[in-house]
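The values are calculated or read from the model by the stated rules, or taken from the named source; none is laboratory data. Computed from a predicted model, the values in this text were never measured in an experiment. No Cβ is skipped: glycine too gets one built from the backbone with ideal geometry, and neighbour counts run over all protein chains shown. Heavy atoms of the whole protein, side chains included, go into the accessibility calculation; ligands, DNA and RNA do not. Shrake-Rupley method; radii C 1.70, N 1.55, O 1.52, S 1.80 Å.
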Amino acid sequence: MTADSSKTERYAARAAETRWQKLWDEQGIYATKNDDPRPKYYVLEMFPYPSGRIHMGHVRNYTMGDVVARFKRAMGHAVLHPMGWDAFGMPAENAAIDRKVHPKEWTYANIAAMKKQLQSMGLSLDWAREVATCDPSYYRHQQKMFLDFLKAGLVERKQSKVNWDPVDNTVLANEQVIDGRGWRSGALVEQRELIQWFFKISDYSKELLKALDGLDRWPDKVRLMQKNWIGKSEGLLVRFMLDAATVPSGETELEIFTTRPDTLFGAKFMAVAPDHPLATAAAARNPKLAEFIEECKRIGTSQEAIDTAEKMGFDTGIRAVHPLDPNWTLPVYVANFILMEYGTGAIFGCPAHDQRDLDFVNKYGLGNTPVVCPPNQDPATFVITDTAYDGDGKMINSRFLDGMSIDQAKEEVSKRLETTFLPPLEKGRSPVEARHASEDGRVGIIGDDRSPPRPSPFQGEGAQALAQSSNNAPVAQRQVNYRLRDWGISRQRYWGCPIPIIHCDKCGVVPVPASDLPVVLPDDINFDKPGNPLDRHPTWKNVKCPQCSGAARRETDTMDTFVDSSWYFARFTDPWNETSPTTPKAANEWLPVDQYIGGIEHAILHLLYSRFFTRAMHRTGHLNFDEPFAGLFTQGMVVHETYKSKSGDWIEPANVTIEGMGETRRAKLTSTGEALDIGSIEKMSKSKKNVVDPDDIIEAYGADTARWFMLSDSPPERDVIWTEEGVQGAWRFVQRLWRLNGEIARIAAPATRPAEFSEQALVVRKAAHRALNNVSDDIARLRFNRCVAHIYEFANALSDAIGSAETAPSPDFAWALREAGDILVRLFHPMMPHLAEECWAAMGHKTLVATEAWPQVEADLLVENTVTLPVQVNGKKRGDVTVAREAGEAEIKAAVLALDAVIKALDGKSPKKVIVVPQRIVNVVA
RNA sequence: GCGGGCGUGGCGGAAUGGUAGACGCAAAGGACUUAAAAUCCUUCGGAUGGAAACGUCCGUGCCGGUUCGAGUCCGGCCGCCCGCACCA
């Protein structure tokens with residue numbers, strides 16, 4: 001039989017795709033029931049922001065998830081594969097300002113448009129569970145949880161620094177501050193202290209860090225990034241007494257945090273942050289210092305300035321007493337490189353072993369004394385000039401520590417200082433407590449008896465004891481410190497979830513009663529003026545206090561949109577529950593998500609917040625586990641070449657014609673023929689215009705082609721380069737599979753399985769089952785590019801077999817070809833579901849391939865009766881031997897030593913050793 | 001600066017420590033066609049020997065090491081990418 005493609009019409013992708021999509025939809029085959037008795041599997045892709053159009057990154061992300069969903073369904077699981085919209089956020093407000101569209105209208109129109117696009121991709125999603133975070137039916141539950149968290153002591157209100165745009169009257173995220181100016185207004189950004197709402201994620205620092213170890217189906221990279229972000233460091237809190245003669249009234253001591261107590265004898269100075277209370281106190285009597293502090297704060301706004309800023313300090317004149325030698329005092333500086341937010345906002349400087357401290361002393365001539373001597377260095381001659389030594393070594397110049405290792409010295413100093421006691425501070429006089437009274441801005445919560453004020457700047461263990469000591473307090477306290485800060489969720493914006501709080505002059509901060517939820521965003525707002533429209537709304541803001549019924553005001557801040565996305569995965573398990581955020585039974589059964597797929601850009605914030613939120617939901621009874629995502633996969637980006645005209649404008653690929661190859665490869669503007677510069681390959685972005693619209697691709701080639709190409713070529717975790725050639729290759733393969741299927745469909749095969757198979761039939765069957773085995777394995781491990789390769793290989797083998805077949809193949813061979821065809825269609829179904837349905841129907845099946853079970857591998861067909869082993873002599877390949885599969889080592893050795901190449905290489909001598917690796921290789925050591 | 005990852009044909013990339021380059025793309029030659037498209041066949045890391053069959057040598061960024069055997073493991077360089085960044 002020869003291939004007769006003229007009889008098979010080309011596969012009309014678009015027509016077929018809409019037809020099958022309609023049928024799937026009508027039969028509701030992707031809707032998932034919570035009471036489905038089959039084993040549950042939850043696959044989720046990060047839900048999109050409804051910008052209005054999907055992009056290729058979405059196509060790649062959602063195709064991967066869809067392959068997993070379809071595969072697991074075929075493997076007999078009840079699969080939950082939902083989709084929703086991360087629908088609150090700034091772009092909607094920007095559209096309102098720029099185009100006078102209401103954020104709500106804009107958002108819902110975008111959702112409708114994008115939903116249509118997603119549906120054209122043929123994703124096996126359960127749309128009945130669709131949620132949009134901007135819908136009151138979603139955010140009412142979020143408000144409920146906010147109140148639950150508040151009651152559970154997981155929320156607090158405190159003052160914190162923000163980037164404030166004085167023109168737009170709004171808070172800016174760090175990435176919205178460009179060179180110290182607001183990205184929209186261009187105004188110089190100010191640092192302002194605002195009272196804001198915080199989720200106490202730092203209460204979970206230790207737990208979030210520790211639990212990373214258990215996330216063994218997460219990429220190591222992401223776990224490491226989170227580990228670094230949480231930033232655990234173990235050290236010592238040390239109290240330095242201040243020399244009374246040098247101190248502003250009221251100050252008696254300075255508390256610092258250090259991870260290097262071993263280097264205390266190398267101390268040359270103390271330094272505090274410009275906004276440290278001691279600095280403020282000292283500045284009160286020293287105008288020059290006050291001026292210096294002001295300057296530090298000004299420089300502090302722009303990231304670039306921080307990066308390049310020189311170490312600067314100002315001697316306060318205050319002297320601190322060394323905790324290990326009462327006769328030794330150290331100067332106290334205010335320094336621009338000390339952060340108030342970390343530790344106690346104060347340090348002791350040991351220049352010999354810390355580069356920053358060294359830079360500082362070299363500028364101010366304070367000198368340095370090395371106290372750690374590197375191995376193989378003579379302590380007598382070891383000096384530090386401009387490179388600090390932070391490696392291992394033996395203690396020197398350190399009195400009772402001399403000769404110890406760093407670890408021994410740390411232990412010795414810690415032990416001494418934590419058992420040395422100093423008189424306690426007078427009440428209210430501690431710099432630490434003073435700082436909290438003045439800066440923390442904590443406000444008591446009505447009806448909340450579970451959030452006592454915290455006496456220490458630290459969220460870690462150990463701090464309590466130090467601050468609470470009643471009689472004598474130890475000089476030092478071991479302290480585990482974390483870099484992770486509490487999560488500030490207040491946003492001075494309209495298009496977000498309202499924080500369900502009412503401010504009353506009499507009663508203070510009052511939670512909105514649960515029965516009054518949801519607090520719905522008012523629709524009648526305008527963006528004529530800068531700032532938050534909620535704040536100047538005539539009626540919405542003014543309410544009665546739920547406690548005293550007096551006049552009160554609503555909280556006008558809304559929540560960070562990361563809150564919305566921190567629990568949507570749980571909502572999907574029962575989006576119909578109108579009274580609670582979750583139905584615990586459903587959440588506990590479906591979650592954690594078995595496979596979560598999304599971009600690496602969410603490696604820290606979204607994933608960390610979700611991990612916190614799940615714990616908080618656990619604590620407040622909404623579910624009963626801690627980790628939301630058992631398996632995580634981070635896919636690479638879709639990248640494309642860039643094109644630029646001579647006048648410097650970026651040009652879209654759709655308007656570019658490429659000519660020539662390699663050296664002579666040129667790009668020109670299709671319309672005018674103008675020559676263009678071909679630029680680097682970069683992430684598809686609107687600004688570089690190197691985008692390819694999924695709609696155009698689906699229109700021209702169909703969804704299956706786009707899906708297939710997004711899975712081929714590159715490993716899924718790596719970036720994939722979008723090329724026209726690549727799409728066309730995928731398109732050709734779609735057509736080729738269709739033709740191949742047509743040829744197989746025309747073969748008349750017996751209905752019952754033959755008892756015996758000829759060699760010719762066995763070749764086909766082996767190819768089919770080998771492909772089945774490989775593809776199954778690769779999908780399970782998300783190695784989609786290898787699935788693609790194996791399907792190509794299988795299709796090639798099948799084409800060869802058909803090409804070599806007689807006009808009327810024998811019944812056993814015909815049966816084998818039909819079997820192979822059925823397997824092939826089911827193998828590529830998860831990737832190209834529409835083509836698979838079309839082929840399945842053409843093959844005469846009456847069922848939907850989407851509901852078919854995955855084929856069973858016949859293990860017998862995976863093993864060959866004979867095995868060909870490569871033969872090496874001294875590690876270099878010299879030939880092959882073919883032996884029976886179960887041949888013993890002696891038999892194989894004999895065959896190998898009989899090979900001409902081996903005989904020649906041995907040159908009459910006997911081999912030193914013959915290594916036989918069963919089923920693999922033979923190596924003769926001459 | 002600190003931390004992590006990656007360097008394999010013209011290109012994207014395969015390869016549980018076991019035949020390096022699967023599979024695809026591009027390219028070249030051929031068949032079919034009035035022609036084109038589509039399709040099919042052949043070649044395709046470098047050097048070299050041979051009429052051919054088929055060989056030989058080199059080759060996974062560079063230098064060393066472990067091993068019967070290294071793209072893979074270890075140490076040191078070079079280059080690129082990513083994350084964090086004055087975190088005490």
One residue is enough: does region A:380-387 have a residue meeting the conditions out of contact with any Pro (no Cβ under 6 Å at 6 or more places or on another chain), surrounded by 17 or more Cβ atoms within 10 Å (Cβ to Cβ) and either in a loop (DSSP other than H, G, I, E, B) or aliphatic (A, V, I, L, M) (or both)? no
Between A:Ala816, A:Ala797, A:Ala836, which is within 16 Å of RNA strand B (Cβ to nearest atom), without any contact (Cβ under 8 Å) to a residue 60 or more places away in the chain, open to solvent by less than 50 Å² (accessible area, probe 1.4 Å) and closer than 22 Å to A:Ala748 by Cα? A:Ala797
Of the residues that make up region A:17-25, is at least one out of contact with any helix residue (DSSP H, G or I) (no Cβ under 8 Å at 6 or more places or on another chain), free of Cβ contacts under 8 Å to residues at least 40 places away in the same chain and outside any helix (DSSP H, G or I)? no
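Looking at A:Thr381, A:Thr344, A:Thr385, which one is within 13 Å of RNA strand B (Cβ to nearest atom), on the phi < 0 side of the Ramachandran plot and polar (S, T, N, Q)?
None of the others qualify; the one that does is A:Thr344.
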In region A:478-592, which helices (runs of 4 or more DSSP H) lie fully inside it and hold 1 or more residues that are closer than 30 Å to A:Ser233 by Cβ, in contact (Cβ under 8 Å) with a residue 12 or more places away in the chain and not small (Gly, Ala, Ser)? A:561-564
Would you confirm whether or not region A:33-42 contains a residue that is farther than 29 Å from A:Asn577 by Cα and either of a type outside the set (D, E, K, R) or out of contact with any Cys (no Cβ under 6 Å at 6 or more places or on another chain) (or both)? no
Considering region A:800-811, residues that are assigned to a helix (DSSP H, G or I) and touching a residue at least 60 places away in the same chain (Cβ under 8 Å), and then whichever is farthest from A:Trp708 (Cα to Cα), we arrive at A:Pro811
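Pull up region A:621-650, narrow it to residues that are among the small types (Gly, Ala, Ser) and assigned to a loop (DSSP other than H, G, I, E, B), then point me to the one that is farthest from A:Ser580 (Cα to Cα).
Step by step, filter region A:621-650, then rank; the result is A:Ser647.
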Can you pull out the residues in region A:887-917 that are within 9 Å of RNA strand B (Cβ to nearest atom), open to solvent by 90 Å² or more (accessible area, probe 1.4 Å) and within 14 Å of A:Leu869 (Cα to Cα)? none
Hey, A:Arg753 hits all of (1) surrounded by fewer than 17 Cβ atoms within 10 Å (Cβ to Cβ); (2) basic (Lys, Arg); (3) within 33 Å of the chain's Cα centre (by Cα) but one; which does it fall short on? (3)
Inside region A:212-239, the number of residues satisfying the requirement of being away from RNA strand B (no atom under 13 Å from the Cβ) and touching an Asp or Glu at 6+ places or on another chain (Cβ under 8 Å) is 3
Condition met for A:Arg739 (closer than 25 Å to A:Gly844 by Cβ, at pLDDT below 95 and open to solvent by 50 Å² or more (accessible area, probe 1.4 Å)): yes
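Each row is one residue, and each column tells you yes or no for (1) under 24 Å from A:Thr573 (Cβ atoms); (2) among the aliphatic types (A, V, I, L, M).
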| site | (1), (2) |
| --- | --- |
| A:Pro91 | no, no |
| A:Ile97 | no, yes |
| A:Val101 | no, yes |
| A:Leu125 | yes, yes |
| A:Ala128 | yes, yes |
| A:Tyr139 | yes, no |
| A:Lys144 | yes, no |
| A:Glu156 | no, no |
Looking only at region A:626-642, decide whether some residue is open to solvent by 20 Å² or more (accessible area, probe 1.4 Å), in contact (Cβ under 8 Å) with a residue 12 or more places away in the chain, of a type in the set (D, E, K, R) and closer than 17 Å to A:Thr573 by Cβ. yes
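Looking only at region A:532-542, decide whether some residue is open to solvent by less than 20 Å² (accessible area, probe 1.4 Å) and of a type in the set (S, T, N, Q).
Yes, that holds for at least one residue.
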Since A:Lys506 meets every condition but one in (1) under 22 Å from A:Trp164 (Cβ atoms); (2) open to solvent by 10 Å² or more (accessible area, probe 1.4 Å); (3) at pLDDT 90 or above, which condition does it not meet? (1)
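I'd like the full set of residues that are touching a Leu at 6+ places or on another chain (Cβ under 6 Å) and in a helix (DSSP H, G or I), limited to region A:34-62. Before the answer, list the steps.
Taking region A:34-62 and keeping what is touching a Leu at 6+ places or on another chain (Cβ under 6 Å), we get A:42, A:62.
Correct list: A:Tyr62 only.
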Looking only at region A:118-140, decide whether some residue is assigned to a helix (DSSP H, G or I), free of Cβ contacts under 8 Å to residues at least 12 places away in the same chain and farther than 12 Å from A:Trp85 by Cα. no
Collect the residues in region A:89-108 that are under 21 Å from A:Gly57 (Cα atoms) and modelled with pLDDT of 95 or more, keeping them in residue-number order. A:Thr107
From A:Ala654, A:Ala749, residue being under 24 Å from A:Leu817 (Cα atoms) and more than 14 Å from RNA strand B (Cβ to nearest atom): A:Ala749
Just the residues that are part of a strand (DSSP E or B) and crowded, with 16+ Cβ neighbours inside 10 Å, please, taken from region A:651-661. A:Val656, A:Ile658
Can you tell me which residue among A:Asp713, A:Asp778 is among the acidic types (Asp, Glu) and open to solvent by 10 Å² or more (accessible area, probe 1.4 Å)? A:Asp713
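When the residues of region A:3-16 are filtered to those that are outside any helix (DSSP H, G or I) and within 30 Å of A:Lys116 (Cβ to Cβ), which remaining residue is modelled with the lowest pLDDT?
A:Glu9
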Here are some conditions: (1) within 16 Å of RNA strand B (Cβ to nearest atom); (2) in a helix (DSSP H, G or I); (3) of a type in the set (Asp, Glu). A:Asp203 meets all but one. Which one does it not meet? (1)
Condition broken by A:Asp66, with the remaining ones in (1) buried (at least 19 other Cβ atoms within 10 Å of the Cβ); (2) farther than 24 Å from A:Pro855 by Cβ; (3) of a type outside the set (A, V, I, L, M) satisfied: (2)
The one condition A:Asp822 fails out of (1) touching a Leu at 6+ places or on another chain (Cβ under 9 Å); (2) open to solvent by less than 50 Å² (accessible area, probe 1.4 Å); (3) of a type in the set (D, E, K, R); (4) closer than 27 Å to A:Thr63 by Cβ is (1)
